1. More than 20 Å from the chain's Cα centre (by Cα), among the small types (Gly, Ala, Ser) and on the phi > 0 side of the Ramachandran plot, is that true of residue B:472?
2. May I ask you to list pairs of residues, at least six apart or on different chains, whose Cβ atoms are under 8 Å apart, with the first in region A:78-96 being among the polar types (S, T, N, Q) and the second being assigned to a loop (DSSP other than H, G, I, E, B) and crowded, with 16+ Cβ neighbours inside 10 Å?
3. Identify, please: which residue in region B:621-638 is closer than 28 Å to residue B:479 by Cβ and more than 11 Å from every other protein chain (Cβ to nearest Cβ) and is, among those, nearest to the chain's Cα centre (by Cα)?
4. Go through region A:186-225 residue by residue and tally those that are polar (S, T, N, Q) and either assigned by TED's automatic domain parsing to the domain that holds residue A:437 or under 23 Å from residue A:46 (Cβ atoms) (or both).
5. Being surrounded by fewer than 21 Cβ atoms within 10 Å (Cβ to Cβ), in contact with a Ser or Thr (Cβ under 8 Å, 6 or more places away or on another chain) and more than 22 Å from residue A:508 (Cα to Cα), is that true of even one residue in region A:250-273?
6. Select, from A:641, A:618, the only residue that is of a type in the set (Asp, Glu), surrounded by fewer than 21 Cβ atoms within 10 Å (Cβ to Cβ) and away from chain B (no Cβ under 14 Å).
7. In region A:572-594, which residue that is within 33 Å of the chain's Cα centre (by Cα) and in a loop (DSSP other than H, G, I, E, B) is surrounded by the most Cβ atoms within 10 Å (Cβ to Cβ)?
8. Within region B:708-719, work out how many residues are away from every other protein chain (no Cβ under 14 Å) and either touching a Gly at 6+ places or on another chain (Cβ under 9 Å) or surrounded by fewer than 17 Cβ atoms within 10 Å (Cβ to Cβ) (or both).
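The values are calculated or read from the model by the stated rules, or taken from the named source; none is laboratory data. Note that the structure is a prediction, hence the values are computed from the model and not measured. Note: ideal-geometry Cβ built from the backbone for every residue, glycine included; neighbour counts use all protein chains shown.
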Number of protein chains: 2
Amino acid sequence: MNFSWSKLFQFVLVGMVVMSCKKENTSVVEHTTETSTIQEHPKLILTAQGVKDIRAQLGNIPIFDNTLKAVQEEIDAEIALGIDTPIPVDYSGGYTHVRHKSNMIMMQKAGVLYQILDDEKYAKYVKDMLMQYEAMYKTLPLHPKTRSYARGKLFWQCLNDSNWLVYVSQAYDCIYNYLSEDERNTLENNLFKPFADHISIDSPQFYQRVHNHSTWGNAAVGMIGLVMNDEELIDRALYGIKDLKLDANEKDDDGGFLNKDGKAGFLANIEEPFSPDGYYNEGPYYQRYAMYPFLIFAEGLHNVKPELKIFEYKEGVLLKSINALLNLSDADGDFFPLNDGQKGMSYYNDALVTAVDISYHFGTQDPGLLSIAKEQGKVLLDDSGLAVALGIKNGNEKPFNKKSINLSDGPEGTQGGVAILRNEDIELVFKYAAQGSSHGHYDKLSYSLYEKGEEILQDYGLARFVNIEQKGGGNYLKENKTWAKQTIAHNTVTQNETSHFNGKYDIGSQHHSVLNYFSSENEKVKVASAKEVNAYPGTEMLRTMAILKDEDFEKPYMLDIMKVTSDKANQYDFPYYFLGQVVETNFEYQTPKSLNPLGTKNGYQHLYVEGTAKASSDNSKLSWLNKGKFYTLTSITNANDDLLFTRIGANDPEFNLRREAAFMLRRRNTTNTLFVSVIESHGGYSPVSESAVNSNSNIKTLKVELDSEDYTAISITNVNGNTKLFITANTDTSKEANHNIKINDKNYEWSGSYYFK
Amino acid sequence: MNFSWSKLFQFVLVGMVVMSCKKENTSVVEHTTETSTIQEHPKLILTAQGVKDIRAQLGNIPIFDNTLKAVQEEIDAEIALGIDTPIPVDYSGGYTHVRHKSNMIMMQKAGVLYQILDDEKYAKYVKDMLMQYEAMYKTLPLHPKTRSYARGKLFWQCLNDSNWLVYVSQAYDCIYNYLSEDERNTLENNLFKPFADHISIDSPQFYQRVHNHSTWGNAAVGMIGLVMNDEELIDRALYGIKDLKLDANEKDDDGGFLNKDGKAGFLANIEEPFSPDGYYNEGPYYQRYAMYPFLIFAEGLHNVKPELKIFEYKEGVLLKSINALLNLSDADGDFFPLNDGQKGMSYYNDALVTAVDISYHFGTQDPGLLSIAKEQGKVLLDDSGLAVALGIKNGNEKPFNKKSINLSDGPEGTQGGVAILRNEDIELVFKYAAQGSSHGHYDKLSYSLYEKGEEILQDYGLARFVNIEQKGGGNYLKENKTWAKQTIAHNTVTQNETSHFNGKYDIGSQHHSVLNYFSSENEKVKVASAKEVNAYPGTEMLRTMAILKDEDFEKPYMLDIMKVTSDKANQYDFPYYFLGQVVETNFEYQTPKSLNPLGTKNGYQHLYVEGTAKASSDNSKLSWLNKGKFYTLTSITNANDDLLFTRIGANDPEFNLRREAAFMLRRRNTTNTLFVSVIESHGGYSPVSESAVNSNSNIKTLKVELDSEDYTAISITNVNGNTKLFITANTDTSKEANHNIKINDKNYEWSGSYYFK
């Protein structure tokens, strides 16, 4: 879609002429007093009472007033440009796709404006557009693009059709009373009902499952059902298509099972993917995406069917999940890109405006949420947005403090989880979860590390440019499977150059890692420890990660202890996906004349080897500089270890991958082993003052003092010779357990999972 | 230098004990009334009258008060930490280097605090430290590091010793009256005089030349001379070492001539490197560095020797140069990295605080400068800083509007120049200057392109990590010569894979490009055109660059016309150093299995070939995405043109280079030719809303309509079929010239250098 500003101005002018003509036509007023259903609408998201309350406060609630003004300006400009409902032809990012997506949002907003401002031009705009859709939809075939496992009609996939109906249901509710009964019948019979049927009954492979796609489908069918007062649609939304069973072995485009256990419907979609802590099994990026239909449909159910007590369902998991999601963001509010997640998605996304406002209004009025709402700078134009606006106006906001948190995974909270360790400005995200549905990556016990919202060690995220049409239609690129999902793309161990579970979804989705322990009570010591025994049959991996505040160091540092035990000798690759410029190493390395791929498959084919070395001492060190901060990795190595510098980008014929670096430790022909490393953030560099402060590592020696089945003890000695000892319990990790062991002829006695002094 | 916070706290405690003991000792007061010179000091930067004025306004001038408070906190903490004057051993970035550098600044600041706050603890701190330096300096040998062409004593190079004396002269002036005559004699005879002699008489290869190094030397000698009232030193500073002539053929570490024409001294250093427009021949990065000694010494001369009228010297070029320098920054205030320039250096650097304040106070009180001072957030703690603080307080500030500007190069303004074209948010920096002294790059007619302070096409800048000790001692890396200075590293033409002037400084420094025309009067059309005939003997390059605002386009776009005429067939390489992710091309390309260098020398050895193609149509197009904006290059090509994707980083054994991309057009076996391209910035992408707006180029066709000796005419047709024609006059370019030519049977008649309609 090419923007022509001169064209836009022409449209504005034409639109204004049209507008001024239409103003004189006041015959539409009769509609508003025509039927007996007047009192019942709006009822879905906006309520009749809410509209009264909002109108009473207008002009007196700054964040709401500003949001309203911005929406009004946007819709006025859009009305001036005129309506376009083109025959669908494009994939994501193409004009018809973008236009129908825009239309649904414009209708939803115009509906709200009609209610709040009581100006019929907005109702008329919605009605006119809906009538155009009705005229088109009657004879509309399947979308011409064939890539989807479930093709839509307005869009290339049912998912987007469902998005459309979720928004348009709200618009319809807002102008319900503005329409004549005939008009309503026309729309319901020719557009809404067949539309709802297409995305459900006609597309069971999309609708009848537990998946974020289906959640959108359920919400779409349910919301239009609530507006139309159609109990059959509402039931179909809540419980799935009646009496339908799908083949349990079929898979979708992403390799996920279509419906392995027969569960379906909105309630099942709440039941299954959310853990009791509110963690969503696909990860925060998709939780954000799924959040909107979950919450907006829940709000509708709350308003129309309060007897369902939807916000109390599964011990209030919907509201809990908002808190979990907010905690799954870095200091800038960007979500951690676990599994398939596009970087840069943050709690500034509109879905999170919905989430925060609904959580505040229907939850406990947490004043921390108000500070996020204030940063978001806008609110929902409904009852919940009004509550938030009033909260801010009354000065009730407090900072939203993110803490170290452990989020269980799985419907019962028993399928591993995600731990986030926070210590001053350092954040570590440790993933020991289940597969994460079809969007999961093969990255058991992987982690990423942040400082003040900047990545220290990155998780690559997905290989996709969402909605950028030129990049594979804006959809998943083949490198998502060949690179981003593979184990070697993550900060964890790859054994024998094969991915966890051999990269097989069927196997991966049967397993999950297991928490060893999590501890965040101590202000200075945050630890998470977890075990994985299924990724490589015969091999056990126990990883203990800590962020330690040590008075001998400038900032908290990360300690990483990966204990591998196997029933045979293997090659272990242990990468560190650092970003920025190499500053120094304590080992000699060679750089090749030509760059060649590190391997031929399982993601290795995408890594160029930029440098090779043999570890020359007990500790191998790499320092780098990124965005004005120095970082040093200190890793315990032996003389047989290979050290590699790699760069992403080999076998990438369409420049789909980012050319980013990794440092990799390779240990060959080893049965049991221990990978121990520390990452320090230290000092900084300013290109303005050109001063480099504290640019050297503060660690003299990192040493394994003990490694037994039950305990692993690591000493950290700084450059001044001060030594700290960290002992982690590998087996008996209960908080109450008492431990007493001898290391180097000294007794250590403590209770709890770890010792640090 | 390792920072240990616990150590720091120890120092704080120790320092506090020392302080409380010393407080009781009040015998030092007698010093302040001892001699007859009391009234004369301070006189150098602070003046006795200025101190009175400042004291009268304190508490009433927010930006000054805040700066003072910050400095006081800094110095109080430093005093508490105690004095350390270690025996010099390190290169830049090492502890002794950093410490002596810090000491000089602490003394300067403490001296100022003593004057403004009238608190003797600050005078005592300066005195105690100076006495430690005096005790050490008496017997100090040359610095042990041998890399410099002119070794210092406190630092590895005389340059840093000179920095030290420039700051310490100010400190000495501030506590002059606090010291006894004996103390002054001790310091002058054992420290200041020998120090000044070492950096001048003993180091003529450093001192006796026209170079930013020498400017520091001159200022150092002159400023201590002004404080000491030593006419010999003052003369040596202004005019160089008397009766000394150096070998005209000797060169320094950077390959620059030491003293080709025998000129030396501060006045020669103003005369030579500054053009009448105030452009400094080495470029803005070094101008910023040189600015401080130029201005601070000039301020001292103004105060102590007003009869010299230093700010009027060479028609006020010092103050003009500040305006030029501010205009050589992007929208964020970052200086364009012409020649050797480290990216990120900006007008937030302290040297620019000096420049802005002095320019305001001693110039015309330009209210635009106040807005920059306000952004800088601090002022000089002297008379000029007071003037700025009062100006801001009185609300006199106005925005500093950077405009399109043409800055001549050369002492007489006749050696080419630098043109900056600004059109809305797009900025183009076009370099057609002289060599730029030893810091110059071989990049005739090169350019870089910016949008709102972000690089669209980058200039690489230098290959150096200034003051980061681990990277080659913080000094120039060998890749600066093998890569950064080479022609292929720049957005201009490389002929036959050799750099301009064969990369030879002796030849390059004899030549400069020549302005064809510059035009910025038209709000919508900004054009610069220049010619280079010496870079490749037998080849002439005429480049015309424009930023055009066309109502058919979303934003102004760049049009680039490079006309090459040669007496023989050559290979021309024409790179575009874009940043970010490839989005789309309109040609098929192949990517190699292994990455190999593009060549073996002249910078080519540092470029990997990541993709190759044959141009398949009349226009080759490349779109990319960077920092949320889409860009498209449209270049006129023919079927014989090779297209290359390259990436920097080959033959870089210490990871000194950034792994950044280029797209390159290669035209083989061609005599005369024309390179024509357009770069559009269009639309954008938000990872939060995941919406891609206007992601496609708006250009359908770019076409040469005429190319004669006198005229080149290019048509630009957008996707809607609207065509604009740009005609540039290649020979008769005067503003008054009337032109009348026929293109495709149509007459075009206009006056001036170009036609655009």
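1. yes
2. Here the result reads A:92/A:156; A:92/A:466; A:92/A:467; A:92/A:469; A:92/A:475; A:96/A:88; A:96/A:90, each pair linking region A:78-96 to a residue that is assigned to a loop (DSSP other than H, G, I, E, B) and crowded, with 16+ Cβ neighbours inside 10 Å.
3. It comes out as B:626.
4. Qualifying residue count, region A:186-225: 2.
5. No, region A:250-273 has no match at all.
6. Just one listed residue meets the conditions, A:618.
7. A:577
8. Residues flagged as away from every other protein chain (no Cβ under 14 Å) and either touching a Gly at 6+ places or on another chain (Cβ under 9 Å) or surrounded by fewer than 17 Cβ atoms within 10 Å (Cβ to Cβ) (or both) within region B:708-719 amount to 3.
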